[in-house]
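Encoded as structure tokens, the structure appears first; notes follow it.
The values are calculated or read from the model by the stated rules, or taken from the named source; none is laboratory data. All figures in this text were calculated on a predicted structure; none of them were measured in a lab. As a convention, Cβ positions derive from the backbone with ideal geometry for all residues, glycine included, and neighbour counts pool all protein chains shown.
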Amino acid sequence: MRLTTSPILRIAAVLALLQGSYMLADGAHFLTSGAYFGNGLGPWAALVARAGMTPLSSTMAWAFVAFGVLWLAAGVALALGRARYAVVVLAVATLWYAAFGTVLSVVIGFLALRAPRANAAVPDL
């Protein structure tokens with residue numbers, strides 16, 4: 001396995017790793033301390049509450065952990081030049097993580113779609 005030579009995918013991979021690291025750490029922090037990072041909940045909490053879920057719950061913290069792990073895997077996949085369309089689906093699935101997370105998801109999804117395919121013979125999931 002070789003790292004992609006596409007600078008666009010490399011940037012997307014770094015952003016995906018950043019998003020994943022933060023979501024994983026934030027979810028794990030809530031599970032161990034009962035609080036997320038920062039001085040309160042972000043705009044995502046209102047979206048989650050409107051959907052009928054409790055933002056300050058272990059279920060939501062586990063969702064952060066799961067999305068964090070998925071973003072870390074996406075970052076590795078992008079660095080290897082793989083799974084661009086799966087990353088776009090993940091980006092859409094995390095648009096609820098309002099403000100900074102939404103911006104990162106949109107940018108990562110856009111970059112994943114814009115990157116040229118290095119080898120058309122290799123299937124892209």
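The table below lists the values:
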| read-out | value |
| --- | --- |
| The listed residue being within 16 Å of the chain's Cα centre (by Cα) and among the hydroxyl-bearing types (S, T, Y), out of Y97, Y36 | Y97 |
| Count - residues of the stretch 85-119 that are free of Cβ contacts under 8 Å to residues at least 40 places away in the same chain, charged (D, E, K, R) and touching a helix residue (DSSP H, G or I) at 6+ places or on another chain (Cβ under 7 Å) | 0 |
| Filter result (closer than 19 Å to L90 by Cβ and in a helix (DSSP H, G or I)) within the stretch 29-60 | W44, L47, V48, M60 |
| Condition check for F67: closer than 28 Å to R117 by Cβ and either within 13 Å of the chain's Cα centre (by Cα) or not basic (K, R) (or both) | yes |
| Selected residue [surrounded by fewer than 16 Cβ atoms within 10 Å (Cβ to Cβ), in a helix (DSSP H, G or I) and modelled with pLDDT under 95] from V122, V69, V103 | V103 |
